[in-house]
Every structure is written in structure tokens, then in C-alpha cells.
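Presented below is the structure to which this report refers.
What follows draws every value from the coordinates through simple rules; no lab data is involved. What you are looking at is a predicted structure, and each value in this text was computed from that prediction instead of being measured. Cβ sites come from the backbone with ideal geometry, for glycine too, and all protein chains shown count toward neighbours.
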There are 2 protein chains.
Amino acid sequence: MNKQEKSVLAAKTKVLKAMAHPARLWMVEQLAVGERCVCELVDGLELDYSTVSKHLLILKNAGVVEDDKRGKQVFYSLKVPCVLNFMHCVEAVLKG
Amino acid sequence: MNKQEKSVLAAKTKVLKAMAHPARLWMVEQLAVGERCVCELVDGLELDYSTVSKHLLILKNAGVVEDDKRGKQVFYSLKVPCVLNFMHCVEAVLKG
DNA sequence: TTGTTGTTTGGTATAATGACCAAATTTTGA
DNA sequence: TCAAAATTTGGTCATTATACCAAACAACAA
């Protein structure tokens, strides 16, 4: 494996890791329905604002979501809807 | 979020986490081509046998791969080929 | 200006991961 | 049997993740 292959692999891994956490995956599924402000995600997850904010940063850095500040609130939305297709496959894995 | 929703989420997360590591993702991509013995994966990754073996166990426990012992060697193969479809989406994420 | 709401940042303690080494296991071959 | 080859298991240690608290910031309202 050369240096370039390694960096491609690292980049893909970053996207997968971003979604590989229950709170983050839940948020991705919510955002698939439509944009949400941080407050709504905090409500749903019952986690600290600081925690949710950091999770969102991870998703954002991975390129999975984007944010939009409107007034006092920040709205997050799914940047790449195809990530959901994958979840069908994950469900297939779960069924064996 | 009730107990059942949480456990479904945990199960999906397990599958994602299993692939969210460069060595494991590389192995999944190799296995997509065809089955491989542990020795071949060790060769390609340049990691310890023990390390690779543990990575494979994680993939197996997640339901992503299966193993087949033939003689002295153990061959691993991809149990759910659709996981690869997802990688196309990941690549889309990478392109922004 | 001051206060309030919504969000992010910094810090810290704790838990989970991942890499290696050594040792145990399993299968085959001499 | 005994030894070698392929793999797994157990243990340790360093690194990374994650949760919470406190404090900082930004936008708006009084």
C-alpha cells in the first residue's frame, strides 16, 4: 500500500467513523427527513449541548452535514443524502 | 428514544464501526474481490497476525464477513456484498 | 446596555481502541 | 510422536473518544 492509497483509505474511514456512533447516526437519520436546529437534536438525544455540538462538528468535518446559522439558531442538514442508501445494506447485515 | 430504538441504533452502529478503520476497510475491499486467507491480509497490511486476527473478529461479529477453515488456513469472505455500494457514496462525500 | 437564549470552546476524567509480544491452539507432515 | 506453519487468545501500554461542567460567544430583545 503506497502513500496515496493510504490517504484515500484514511479519507473514507473518516466518513465511516463520523457515522459510527449512535448519537451521530441518529442525527444523520433525523437530518435525512429534513434540517434540524441543534436544540431539536439535543432534545431528542438527551445529551448536553456541548456534547451534541461536538458530534455535529465531527459530521461536518467529515463532509456529511452542513450548517446554516439563522438568527440565534444553527440549522444542520444532510449534505450527501446517499448515505441513507447504505443504511438499507446495514439492515441487510443485521438480518444475517 | 425508547429501549428498542436504542438497540436498533446500537446494532447499526456496530456494523459501521466495524468498517470504520483503515485496516478493516481495506480488508473489506479486498474481500469484495474474493476470499482471502489471513496470511494474505497480513501480507498486504504489514501488521501483526494477532492484530489482523482481532480486526477480522470485529468484522465477523458485526456480520460483515464469514470465515471458513480449510486445512491450516482460514479463509475470510464478504458476507454482505452490498457494503461496497456504500463506498460509492462515501466517495461522493469525499468530492464534496 | 444588560439580560437571555442558543451554540461553541476549553478542560478534565474515564472508557474504549489498537498495536505489539508471548503463549496457546489446530492441522499437517516428517 | 514431534516439529513446523497458520491462526487465535491473553496481556500490557499508549492513544483516542466521549461525556460532562464551566466559561466564552453571538444574536436578539428589553
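Suppose you put the label 7 Å out from Cα in the Cβ direction; list, shortest first and in nm with one decimal, how far B:VAL33 is from each other copy's label.
Once sorted, the set of distances for B:VAL33 reads 4.3 nm.
When only alpha-carbon atoms count, how far does region B:3-94 stretch along each of its three principal axes, as whole angstroms with the largest first?
On the principal axes, region B:3-94 reaches 43, 32, 21 Å in Cα extent.
Once amide H atoms are placed 1.01 Å from N in the peptide plane, what residues at a sequence separation of 5 or more from B:CYS37, or on another chain, have their amide H within under 5 Å of its amide H?
Long-range HN contacts for B:CYS37: B:TYR76.
Expressed as an acute angle from 0 to 90° and rounded to the nearest 10, what is the orientation of the C-alpha long axis of helix B:3-19 relative to the principal long axis of chain B?
40 degrees
From Cα pairs below 8 angstrom and at least 6 apart in sequence, can you work out the relative contact order of chain B, rounded to a whole percent? Kindly include the intermediate steps, with their values, before the conclusion.
Working: 78 pairs, mean separation 26.2, N = 96.
It rounds to 27 percent for chain B.
Rounded to whole Å, give me the distance from the Cα center of region B:80-96 to that of region B:7-42.
Result: 14 Å between the Cα centres.
Here is the link list: B:LYS17/B:LYS79; A:LYS14/A:LYS54; A:LYS12/B:LYS72; A:LYS14/B:LYS79; A:LYS12/B:LYS79. Which ones come out longer than 25 Å on Cα distance? Walk me through the numbers on the way to the answer.
Values: B:LYS17/B:LYS79 16 Å; A:LYS14/A:LYS54 15 Å; A:LYS12/B:LYS72 34 Å; A:LYS14/B:LYS79 23 Å; A:LYS12/B:LYS79 21 Å.
Beyond 25 Å: A:LYS12/B:LYS72.
Which aspartates and glutamates does A:LYS6 reach when only Cα atoms under 19 Å apart count, and residues fewer than 8 places away in its own chain are ignored?
The qualifying aspartates and glutamates are B:GLU29, B:GLU40, B:ASP43, B:GLU46, B:ASP48, B:GLU91.
Could you state the angle between the C-alpha long axis of helix A:83-94 and the longest principal axis of the C-alpha atoms of chain A, as a value from 0 to 90 degrees rounded to the nearest 10?
Taking Cα atoms only, the helix is inclined about 70 degrees.
Only helical DSSP H runs with n ≥ 4 go in: add -39500 (n - 2.57) per run for chain B, normalise by residue count and round the 222 nm mean residue ellipticity to 500 deg cm²/dmol.
Values: 5 runs with 62 residues, N = 96.
After summing the helix terms and dividing by the residues of chain B, the value is -20000 deg cm²/dmol.
Measure nothing but the geometry: give the 0 to 90° angle between the long axis through the Cα atoms of B:49-61 and the longest principal axis through the Cα atoms of chain B, rounded to 10°.
Tilt relative to chain B: about 40 degrees.
Quick check: convex hull of the Cα atoms in the protein assembly as shown, volume per residue, rounded to a whole Å³? Let's see the in-between values first.
Working: hull volume 24.0 nm³, N = 192.
Taking only Cα atoms, the protein assembly as shown has a hull volume of 125 Å³ per residue.
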